[in-house]
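Reading through the structure tokens given below for one structure.
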Amino acid sequence: NAGVMQNPRHLVRRRGQEARLRCSPMKGHSHVYWYRQLPEEGLKFMVYLQKENIIDESGMPKERFSAEFPKEGPSILRIQQVVRGDSAAYFCASSVWGRRHGYTFGSGTRLTVV
Amino acid sequence: QQQVKQSPQSLIVQKGGISIINCAYENTAFDYFPWYQQFPGKGPALLIAIRPDVSEKKEGRFTISFNKSAKQFSLHIMDSQPGDSATYFCAASPRAQKLVFGQGTRLTINP
């Protein structure tokens, strides 16, 4: 039973380009969460999605960031026109019913903006 | 009110000693308090978690102590081993399911 799969593991983008981060939840998990971790800091919640629905996007920056979790396929976190401040590790987690029933993190995507 | 404050930022403990990491919160809507362990280049992994109706929970060498009136909780690692060297995060969650993380503690166990 594979865990939460994130790809790519490392992503380098020039300023102004788009970054697409993918997350495949664990089998049977229908809830996906995205978190951002800046160097030497804790993880910060960004968005919580169920299939085809955004449940809570209170942690998402108002501009340039979007997320989706389609009926088929992985969840996508999209960052348009990246800036140096977007450089961070982005982690995805998945669960069945929410955090009470298992909340498993992937290994993350490390985004570097040059 | 959404913050979780964690201390210390870094901790060095001798092998066999007890590692203690503390967290404090303000939001009384938090009702789930997990601890995560993170190794370099990896995602956080759930270590142990507690609900506020319990004052202590033990799993192997790891114990959470919870003080609801003080709004504080702590992680104790007994008989600390070099393999425990990692970054530890406390977290708290309201019913809305998202986790609010502390700033992390970098633990080093000296052999």
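Quick rundown of the values:
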item: Filtered residues of the stretch B:71-111 (kept if at pLDDT below 95, of a type outside the set (D, E, K, R), within 15 Å of B:ASP31 (Cα to Cα) and surrounded by fewer than 16 Cβ atoms within 10 Å (Cβ to Cβ)); result: B:PRO94, B:ALA96
item: Some residue of the stretch A:54-61 being exposed (fewer than 15 other Cβ atoms within 10 Å of the Cβ), within 14 Å of chain B (Cβ to nearest Cβ) and hydrophobic (A, V, I, L, M, F, W, C); result: yes
item: Criterion: away from every other protein chain (no Cβ under 14 Å), under 14 Å from the mean Cα position of the chain (by Cα), open to solvent by less than 30 Å² (accessible area, probe 1.4 Å) and of a type outside the set (Val, Ile, Thr) - qualifying residue of A:LEU49, A:LEU77, A:LEU21; result: A:LEU77
item: Scan of the stretch B:60-104 for residues that are within 10 Å of another protein chain (Cβ to nearest Cβ) and within 17 Å of B:VAL13 (Cβ to Cβ), ordered by number; result: B:THR87, B:GLY104
item: Breaking point among (1) farther than 19 Å from B:TRP35 by Cα; (2) within 14 Å of chain B (Cβ to nearest Cβ); (3) open to solvent by less than 60 Å² (accessible area, probe 1.4 Å); (4) among the polar types (S, T, N, Q), for A:SER87; result: (2)
item: A:LEU111 away from every other protein chain (no Cβ under 14 Å), assigned to a strand (DSSP E or B), over 26 Å from B:SER7 (Cα atoms) and open to solvent by 10 Å² or more (accessible area, probe 1.4 Å); result: no
item: Failed criterion for A:ARG64 (all others in (1) in contact with an Asp or Glu (Cβ under 9 Å, 6 or more places away or on another chain); (2) free of Cβ contacts under 8 Å to residues at least 24 places away in the same chain; (3) within 26 Å of B:GLY104 (Cα to Cα); (4) more than 11 Å from chain B (Cβ to nearest Cβ) hold); result: (3)
item: Strands (runs of 3 or more DSSP E) lying entirely in the stretch A:1-74 (those with 1 or more residues that are closer than 21 Å to A:ALA88 by Cα and in contact with a Ser or Thr (Cβ under 9 Å, 6 or more places away or on another chain)); result: A:5-7, A:10-13, A:19-24, A:31-37, A:43-50, A:65-68
item: Within the stretch B:32-59, tally of residues that are at the interface with chain A (Cβ under 9 Å from one of its Cβ atoms) and part of a loop (DSSP other than H, G, I, E, B); result: 4
item: Qualifying residue in the stretch B:55-63 (condition: touching an Asp or Glu at 6+ places or on another chain (Cβ under 7 Å) and modelled with pLDDT of 95 or more); result: yes
item: Search result, residues across the stretch A:32-45 that are surrounded by 22 or more Cβ atoms within 10 Å (Cβ to Cβ) and within 9 Å of chain B (Cβ to nearest Cβ); result: A:TYR33, A:TYR35, A:GLY42, A:LEU43, A:PHE45
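The values are calculated or read from the model by the stated rules, or taken from the named source; none is laboratory data. On a predicted model such as this, the values are computed, not experimentally measured, just so you know. FYI the Cβ positions are ideal-geometry reconstructions off the backbone, even for glycines, and counts take in every protein chain you see. Please note that ligands, DNA and RNA were not included when accessible areas were found on the heavy atoms of the full protein model with its side chains. Shrake-Rupley method; radii C 1.70, N 1.55, O 1.52, S 1.80 Å.
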